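Take a look at the structure set out below.
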């Protein structure tokens with residue numbers, strides 16, 4: 001099951017010349033974070049005003065997909081105090 005997610009950031013009055021770049025950067029960083037954390041979504045939409053930046057993530061998965069990670073410790077020959 002998926003739902004829409006809204007992230008809204010309130011600001012002090014921001015000059016108009018910075019709004020476009022700021023909202024674009026917010027969208028890029030949110031999308032990058034979603035990919036890095038294996039969260040599935042269909043699209044993002046951004047909105048802005050001089051006092052607010054917001055991004056809507058459409059159809060965001062409620063949880064990450066299951067994954068298996070295998071990690072190994074140091075080699076046995078490198079362990080000086082091991083009894084095995």
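Details
- Residue in the range 56-78 that is modelled with pLDDT of 85 or more and closer than 21 Å to residue 11 by Cα present: yes
- Flag if residue 34 is surrounded by 10 or more Cβ atoms within 10 Å (Cβ to Cβ), touching a helix residue (DSSP H, G or I) at 6+ places or on another chain (Cβ under 7 Å), on the phi < 0 side of the Ramachandran plot and not in a loop (DSSP other than H, G, I, E, B): no
- Check on residue 46, surrounded by 15 or more Cβ atoms within 10 Å (Cβ to Cβ), in contact with a strand residue (DSSP E or B) (Cβ under 6 Å, 6 or more places away or on another chain), assigned to a helix (DSSP H, G or I) and at negative phi: no
Listed here are the residues, each with its yes/no results for (1) more than 13 Å from the chain's Cα centre (by Cα); (2) assigned to a strand (DSSP E or B).
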residue	(1), (2)
3	yes, yes
18	yes, no
23	yes, no
30	no, no
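- Across the range 1-27, the qualifying residues are those that are exposed (fewer than 12 other Cβ atoms within 10 Å of the Cβ) and farther than 17 Å from residue 52 by Cα, and the one among them that is modelled with the highest pLDDT is 3.
The values are calculated or read from the model by the stated rules, or taken from the named source; none is laboratory data. Just so it is clear, the structure is predicted and the values come from calculations on it, not from any experiment. Cβ coordinates were reconstructed from backbone atoms using ideal geometry, including for glycine residues, and neighbour counts include every protein chain displayed.
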